[in-house]
Amino acid sequence: DAGVIQSPRHEVTEMGQEVTLRCKPISGHNSLFWYRQTMMRGLELLIYFNNNVPIDDSGMPEDRFSAKMPNASFSTLKIQPSEPRDSAVYFCASSLRQGRTDTQYFGPGTRLTVL
Amino acid sequence: QKEVEQNSGPLSVPEGAIASLNCTYSDRGSQSFFWYRQYSGKSPELIMSIYSNGDKEDGRFTAQLNKASQYVSLLIRDSQPSDSATYLCAATLSGNTPLVFGKGTRLSVIA
């Protein structure tokens, strides 16, 4: 079975450029999560979707960040314009929410470096 | 605000010993608890979940939950060098709220 798929795996860009990260959740899952991980702050939830609808984007650091989920099998996280402090590993995770069960499965992550 | 606290470590244990990883949470309403393992440069992977007070065993791993003390632990018996990783504790209030992760404890098993 295919797990969560993310692309690209690595991205190096220059400050001011637009960056788009992509995620394909596990088929049949109804929730999708975008996280950012750094050494200093650990794993931070940026935004999550239930049934393709954004539920909570309070973790999105600022207006430069936006996320979409046009259908159940695809989501994007966009940073425009990018800044060096955005350098981090970005994970996408998905889950099938049933009752209190919410086991999240993580993708391999995108390592973003903004120069 | 819900918080999950872990000692960052590193926690060093000799091969074959029991590794004990601890986690506390601030929200008394938290109902579901998870332990994830993350190898360096890799993504977190689920190793245990626990919902009720007491112990839950799975192979060499035992998760322990004490809701009165708001405390979750993970025991790894017969620790192996391959267990060396960062262990993330996570909690959720209910199925409708996302997980809150601790910052993780780095475990080093010395051969």
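The values are calculated or read from the model by the stated rules, or taken from the named source; none is laboratory data. Note that the structure is a prediction, hence the values are computed from the model and not measured. Backbone-built Cβ (ideal geometry, glycine too); neighbour counts: all protein chains shown. Just the protein is used for accessible areas: all its heavy atoms, side chains included, with ligands, DNA and RNA removed. Shrake-Rupley method; radii C 1.70, N 1.55, O 1.52, S 1.80 Å.
In table form, for the structure just shown:
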read-out: Identity of the residue in the range B:32-47, within 19 Å of A:Phe33 (Cβ to Cβ) and part of a loop (DSSP other than H, G, I, E, B), that ends up most open to solvent (accessible area, probe 1.4 Å); value: B:Lys42
read-out: Residue within the range A:95-106 that is modelled with pLDDT of 95 or more and either within 9 Å of another protein chain (Cβ to nearest Cβ) or open to solvent by less than 40 Å² (accessible area, probe 1.4 Å) (or both) present; value: yes
read-out: Strands (runs of 3 or more DSSP E) lying entirely in the range B:65-111 (those with 1 or more residues that are under 11 Å from the mean Cα position of the chain (by Cα), at the interface with chain A (Cβ under 9 Å from one of its Cβ atoms) and not charged (D, E, K, R)); value: B:85-92
read-out: Output for the range B:50-64, where each listed residue is of a type in the set (S, T, N, Q) and within 14 Å of chain A (Cβ to nearest Cβ); value: B:Ser52
read-out: Filtered residues of the range B:1-31 (kept if within 12 Å of the chain's Cα centre (by Cα) and either under 18 Å from B:Thr62 (Cβ atoms) or outside any loop (DSSP other than H, G, I, E, B) (or both)); value: B:Val4, B:Glu5, B:Gln6, B:Ala19, B:Ser20, B:Leu21, B:Asn22, B:Cys23, B:Thr24, B:Tyr25
read-out: Matching residues in the range B:8-50 - criterion: being at pLDDT below 90 and of a type outside the set (Gly, Ala, Ser); value: B:Asp27, B:Arg28, B:Gln31
read-out: Neighbours by Cβ (under 7 Å, 6+ apart or cross-chain): first from the range A:1-25, at positive phi; second not charged (D, E, K, R); value: A:Gly16/A:Pro81; A:Gly16/A:Ser82
